[in-house]
1. Could you derive backbone 3J(HN,Hα) for segment 161-166 from the dihedral phi with the Karplus parameters 6.51, -1.76 and 1.60 (θ = phi - 60°), listing whole Hz in sequence and x where the residue is Gly or Pro?
2. Could you give the C-alpha radius of gyration of segment 13-91 expressed as a fraction of 2.2 N^0.38 Å, taking N as the number of residues it contains?
3. Output the relative contact order of the chain, whole-number percent, from Cα pairs under 8 angstrom with separation of 6+ residues.
4. Could you give the length gained on full extension between Ala30 and Thr161, defined as 0.36 nm per residue of separation minus the Cα-Cα distance, in nm?
5. Return the FRET efficiency for the residue pair Arg43, Ser11: r is the Cβ-Cβ distance, R0 is 30 Å, and the value is rounded to the nearest 0.05.
6. From the mean inverse distance of alpha carbon pairs (Kirkwood) and the Cα radius of gyration, derive Rg over Rh for segment 290-351.
7. Normalised by the number of residues in segment 1-85, what is the relative contact order in percent for Cα pairs under 8 Å and 6+ residues apart?
8. How much length would be gained if the chain were fully extended between Asn173 and Asp225, taking 0.36 nm per residue of separation minus their Cα-Cα distance, in nm to one decimal?
Amino acid sequence: MNYYFFQAKRSLKRFVLTPYFGVRKFFNAAGLFAQFGLFKNSRVLGMPLKLSLDPTSICQLKCPLCPTGQGSNARSRGRMEFSSYKKLVDEIAPFLYEIDLNNWGEPFLNKDLIKMIGYAHKKRIRTSVNTNLNVALSESDAEKLVKSGLDVLYISMDGITQKTYEKYRVGGNLQTVWDNIALVSGKKKELGLKKPRIFWQFLVSRFNEHELPELQAVKERLGVDELVIGFLRSDMGKEIFTPDREKVESLKKWLPKNESLSRYDYKEKKRKLQKGFCHFLWFVSVVNWNGSVSPCCASYNEKLDFGNAFKEGFKTVWNNEKYVAARKAVASRKPESKTVCDNCIKTGFID
């Protein structure tokens, strides 16, 4: 009962008691919840509540568990054009609560990022950006970012010394990140604004777990609003194809010695929390830099995408043959869709 009360309270805050509330959005959301929770419709009446839009698939870092950092050519590289972004947002803005402007690349490598944020804000859509923040910002850049309406800035920073930080964020410069945080935090204070909320995401590994006691002091010094301790994932380009046992074996170099700081049970070689279902296909969609639509943010290979929102229109893709087949398969838990979603059914839905 406590779980359902928590979810109801969370949904109320997220979809009703929010500055981004709209009557049309609300009825769209209510319809999606009914179709997912009661009927598991394979053809959805309505549009997603949230989009993950990738401003670029290019990144300057070489993070070893990320296919972009590995130099994989399974997804094409490029930057989303603002005109294409605007057309897509205009198509489904009346239904959208949230846009995450990130996926496989570094968002700040798209020169139109702040313009994209501002346009979504104008359309009354909540925005967030997840970044390594290794692109040096000017004072003008920081001011424009703070004034853009961005709600949350997630910063991935997994170390508080250069030596520790670059173990995973290969090619990154910690001082650049700290300077950028100081700029954005300082501009917020100068302008008397509360947004964007700055979240520091720290993925715990064997190489940085010793730094945990010091993080709170660093957080205060940097002017970060929230510190989020995260668990390390496996190879992100392969995780939906890989059983847990193989993931644990492949991560031996990285997993923290303290098992409580990991998503895995080391003895059983499986995730501690096993998801029994996936809601993405009903509520969320991912549009990559070139309009190619993925069913979720864990699907890297472009050949496995479901269609192209820029060429076909998002509404057409959202209920096309692949989406419908994937929803049927996930609802029945039978991997018969011949889509990438079959692999999650077989290996266990990612968390």
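1. Coupling constants for segment 161-166: 10, 4, 4, 6, 4, 7 Hz.
2. On the way: Rg = 17.7 Å, N = 79, 2.2 N^0.38 = 11.6 Å.
That works out to 1.53 for segment 13-91.
3. Details: 632 pairs, mean separation 63.4, N = 351.
RCO, the chain: 18 percent.
4. Numbers: separation 131, 0.36 × 131 = 47.16 nm, distance 4.68 nm.
Residue separation times 0.36 nm, minus the Cα-Cα distance, leaves 42.5 nm.
5. Values: r = 24 Å, r/R0 = 0.79.
For Arg43 and Ser11, the calculated efficiency is 0.80.
6. Working: Rg = 11.5 Å, Rh = 11.9 Å.
The Rg/Rh ratio comes out at 0.97.
7. Values: 42 pairs, mean separation 14.7, N = 85.
Over segment 1-85, the number comes to 17 percent.
8. On the way: separation 52, 0.36 × 52 = 18.72 nm, distance 2.16 nm.
Length gained, Asn173 through Asp225: 16.6 nm.
The values are calculated or read from the model by the stated rules, or taken from the named source; none is laboratory data. Keep in mind it's a predicted model, so treat the numbers as computed, not measured. Don't worry about glycine lacking a Cβ; one is built from the backbone with ideal geometry, like all the others, and counts go over all protein chains shown. We work out accessible area using only protein heavy atoms, side chains counted, and drop any ligands, DNA or RNA first. Shrake-Rupley method; radii C 1.70, N 1.55, O 1.52, S 1.80 Å.
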